[in-house]
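Coordinate-derived values only; no laboratory data. Note that this is a predicted model, so its numbers are computed, not measured. Heads up, the Cβs are rebuilt from the backbone with ideal geometry, glycines too, and the neighbour counts pull from every protein chain shown.
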């Protein structure tokens, strides 16, 4: 991830520490989660997990591998949420769900690292960002390129 984006995230979490996980996953835990979901985690998401564990970034949750104080008690695990959404959609979704919009539509990345949203209303997916980093920068923090 670019240094200026990491600086913005670090500033956000230094001002509001409850917005990120208290504990951080190991590289091995990240590998196991990626293998369990059968989708490679892109490098920018892996870096986010290693630095923050999971977090609320702006108005959006970023599910991770550790609980976050301000998230719902049972809605922080990228593995559990991805598995639940896949089950709900009869396993037709082959990406990792790392967030959701305010209507509960799942947001995730596919094996190429592209970020997609699944709209429950029309029953389809749409690409909304080229990468996890781009999603965080543009959608969550509203930063310019």
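Things worth noting here:
- The residues of region 97-114 that are without any contact (Cβ under 8 Å) to a residue 60 or more places away in the chain and within 22 Å of residue 77 (Cβ to Cβ), listed by number, are 97, 98, 99, 100, 101, 102, 103, 104, 105, 106, 107, 108.
- Taken over region 129-145, the criterion of being more than 15 Å from residue 2 (Cβ to Cβ) and not in a loop (DSSP other than H, G, I, E, B) is satisfied by 139 alone.
- Residues in region 82-116 that are at positive phi, under 16 Å from the mean Cα position of the chain (by Cα) and surrounded by fewer than 18 Cβ atoms within 10 Å (Cβ to Cβ): 104 only.
- Some residue of region 115-128 being assigned to a loop (DSSP other than H, G, I, E, B) and touching a residue at least 24 places away in the same chain (Cβ under 8 Å): no
- Qualifying residue in region 40-56 (condition: surrounded by fewer than 16 Cβ atoms within 10 Å (Cβ to Cβ), over 22 Å from residue 134 (Cα atoms) and without any contact (Cβ under 8 Å) to a residue 40 or more places away in the chain): no
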